[in-house]
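The structure appears below as structure tokens.
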């Protein structure tokens, strides 16, 4: 069962997603996608760790390469929480390392490592958190389009892989498309791919929920129909 949870910054979507994982039962695995770039990120990480305390999550760092993650058999009937899609896309879209980088660290005390839970990702932060240097062909329109498509396909393969490895997969993503601000070309590129990912995952999902002011609003139900309230 795939459940997509979305909402704006500070909407309460993370708390809602965690509580749903508790309801689903079984062993619980938390996949943290965020890389810590600055002190603000570190504070957000600490906040999310405090939220998860005592809820029985096993936490792994997984900033890239979902499709290569070796999920233990014990989660076959358990629940995996991926938080969040927006940070995962930042990592994959502007990555410089080669595919196959180390993933799945279970050292939850290594705070200096690139390990975190997902905060709400603001579009303004995308430009600040991009790495310098782009792959060959990145400045070419055709090359960029091909890379964008490859990034989206790679992430979706990872989602399908996770869904096959657990009883329940809960994915947190961000609603960051309604502020009316005009962004630079690279941020617009990021927003376009995130929107496409959200649509693709929502289409596959059994359940889609938007959290508004802490209130969960069902968008798509277990029967696959849209259920607006």
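Say whether the condition of being at pLDDT 95 or above, surrounded by 13 or more Cβ atoms within 10 Å (Cβ to Cβ), in a loop (DSSP other than H, G, I, E, B) and touching a helix residue (DSSP H, G or I) at 6+ places or on another chain (Cβ under 8 Å) is met by at least one residue in the range 130-149.
Checking the range 130-149: not a single residue is at pLDDT 95 or above, surrounded by 13 or more Cβ atoms within 10 Å (Cβ to Cβ), in a loop (DSSP other than H, G, I, E, B) and touching a helix residue (DSSP H, G or I) at 6+ places or on another chain (Cβ under 8 Å).
For the range 182-222, which positions are part of a loop (DSSP other than H, G, I, E, B) and buried (at least 18 other Cβ atoms within 10 Å of the Cβ)?
Residues of the range 182-222 part of a loop (DSSP other than H, G, I, E, B): 182-184, 205-206, 213-214, 221-222.
Once the filter is applied, which keeps residues that are part of a loop (DSSP other than H, G, I, E, B) and buried (at least 18 other Cβ atoms within 10 Å of the Cβ), the range 182-222 yields only 205.
Out of the range 160-179, which residues are in a loop (DSSP other than H, G, I, E, B) and either in contact with a strand residue (DSSP E or B) (Cβ under 9 Å, 6 or more places away or on another chain) or surrounded by fewer than 19 Cβ atoms within 10 Å (Cβ to Cβ) (or both)?
166, 167, 173, 174, 175, 177, 178, 179
Name the pairs whose Cβ atoms lie under 7 Å apart, with the first residue in the range 44-70 and free of Cβ contacts under 8 Å to residues at least 12 places away in the same chain and on the phi < 0 side of the Ramachandran plot, the second in a loop (DSSP other than H, G, I, E, B) and surrounded by 21 or more Cβ atoms within 10 Å (Cβ to Cβ), and 6 or more positions between them or separate chains?
Nothing qualifies.
Condition check ((1) farther than 15 Å from residue 168 by Cα; (2) out of contact with any strand residue (DSSP E or B) (no Cβ under 9 Å at 6 or more places or on another chain)) across all residues:
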residue: 17; (1), (2): no, no
residue: 21; (1), (2): no, no
residue: 40; (1), (2): yes, yes
residue: 61; (1), (2): yes, no
residue: 73; (1), (2): no, yes
residue: 82; (1), (2): no, no
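The values are calculated or read from the model by the stated rules, or taken from the named source; none is laboratory data. Note that the structure is a prediction, hence the values are computed from the model and not measured. Every residue, glycine as well, gets a Cβ built from its backbone with ideal geometry; the counts of neighbours run over all protein chains shown.
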